[in-house]
Amino acid sequence: MAMSQSIRIAPSILSADFARLGEEVRAIDAAGADYIHIDVMDGHFVPNITIGPGVVKSLRRHSEKVFDVHLMIAPVDPYIEDFAAAGADIITVHVEATPHIHRTLQLIRSLGKKAGISLNPSTPASAVDYLIDEVDLVLVMSVNPGFGGQAFIESQLDKVAELRRRIDETGRDIDLEIDGGINFETAPRAIAAGVNVLVAGTATFSGGPDAYQANIRRLRGDA
Ligand code: DX5
Ligand code: ZN
């Protein structure tokens, strides 16, 4: 099981003030964020539209932290190169978004980026079975993707535990990340189930900039 000191917090900028995005990224960086989680939505794979590679590129000069780019788009292959060039460090794609996920993961790695695979709530853990050697991160969606501020789906904790076993069997350093409905109550339960990266939008940004540091510490289990 992941040790508490290795827990990483990835604030989702979906809950930031979009009119002040550069400032918000600097603020969560200074407040102790480990990864900057960037939610990309296309109004097709998910029912919402957010940001594209141009915004990622503009944000790059505001932080040197890991840019954890979560692509909720279909098709996805035509955009991978753009997000890589924009400065993504980890590029995560949904297994449900393409019939050729193996090829997509190879494409991400061929560009020198870390490859992540994301599973919707209804997708079983076994979806990673023939892909685990191609990934650096597995993302369990604990809400249906599309919006911040939704309620945590309890059944995903079993999936996390199963994926933790699967990842440990490989002996490789693969991140196990959870995204959706993570707050001070669900964070410790997700950690106990085996995640080492917590995405948190609402819980990080609530209370405004003065609260970011305390929010991040509390999510990590330090306070
Ligand atoms: C949902 C996004 C999440 C979302 C999380 O589709 O992938 O990253 O912003 O928001 P909270 O933490 O508010 O549930
Ligand atoms: Zn996300």
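Here Asp42, Asp34, Asp29 are screened, and the one residue that is within 13 Å of ligand 1 (Cβ to nearest atom) and on the phi < 0 side of the Ramachandran plot is Asp42. Looking at Thr104, Thr92, just one residue is modelled with pLDDT of 95 or more and more than 16 Å from the chain's Cα centre (by Cα), and that residue is Thr104.
The listed residues are Asp175, Asp158, and the only one of them that is crowded, with 17+ Cβ neighbours inside 10 Å and either among the aromatic types (Phe, Trp, Tyr) or out of contact with any Ser or Thr (no Cβ under 9 Å at 6 or more places or on another chain) (or both) turns out to be Asp175. Every residue in segment 113-143 that is within 14 Å of ligand 1 (Cβ to nearest atom) and touching a residue at least 40 places away in the same chain (Cβ under 8 Å), please. Within segment 113-143, Gly116, Ser118, Leu119, Leu137, Leu139, Val140, Ser142 qualify. Only one of Ala10, Ala85, Ala33, Ala27 is among the hydrophobic types (A, V, I, L, M, F, W, C), part of a helix (DSSP H, G or I), within 26 Å of Asn183 (Cα to Cα) and at pLDDT 95 or above; which? Result of the check over Ala10, Ala85, Ala33, Ala27: Ala27. Restricting attention to segment 62-82, which residues are assigned to a loop (DSSP other than H, G, I, E, B) and either basic (Lys, Arg) or within 16 Å of ligand 2 (Cβ to nearest atom) (or both)? Answer for segment 62-82, where residues must be assigned to a loop (DSSP other than H, G, I, E, B) and either basic (Lys, Arg) or within 16 Å of ligand 2 (Cβ to nearest atom) (or both): Lys65, Ile73, Ala74, Val76. Out of Thr204, Thr186, one residue alone is surrounded by 22 or more Cβ atoms within 10 Å (Cβ to Cβ) and within 14 Å of ligand 2 (Cβ to nearest atom). It is Thr204. Taken over segment 88-108, residues that are over 15 Å from Leu71 (Cα atoms) and either crowded, with 24+ Cβ neighbours inside 10 Å or among the charged types (D, E, K, R) (or both) amount to 1. Does Leu59 satisfy the criteria of being part of a helix (DSSP H, G or I), more than 13 Å from ligand 2 (Cβ to nearest atom), touching a helix residue (DSSP H, G or I) at 6+ places or on another chain (Cβ under 6 Å) and at pLDDT 95 or above? Against the criterion (part of a helix (DSSP H, G or I), more than 13 Å from ligand 2 (Cβ to nearest atom), touching a helix residue (DSSP H, G or I) at 6+ places or on another chain (Cβ under 6 Å) and at pLDDT 95 or above), Leu59 qualifies.
I'd like to check something: does segment 137-151 contain any residue that is surrounded by 15 or more Cβ atoms within 10 Å (Cβ to Cβ), hydrophobic (A, V, I, L, M, F, W, C), at pLDDT 95 or above and in a loop (DSSP other than H, G, I, E, B)? Within segment 137-151, one or more residues are surrounded by 15 or more Cβ atoms within 10 Å (Cβ to Cβ), hydrophobic (A, V, I, L, M, F, W, C), at pLDDT 95 or above and in a loop (DSSP other than H, G, I, E, B).
The values are calculated or read from the model by the stated rules, or taken from the named source; none is laboratory data. Every value quoted in this text rests on a predicted model; they were computed, and no experiment measured them. Every residue, glycine among them, receives a Cβ derived from its backbone with ideal geometry; neighbour counts consider all protein chains shown.
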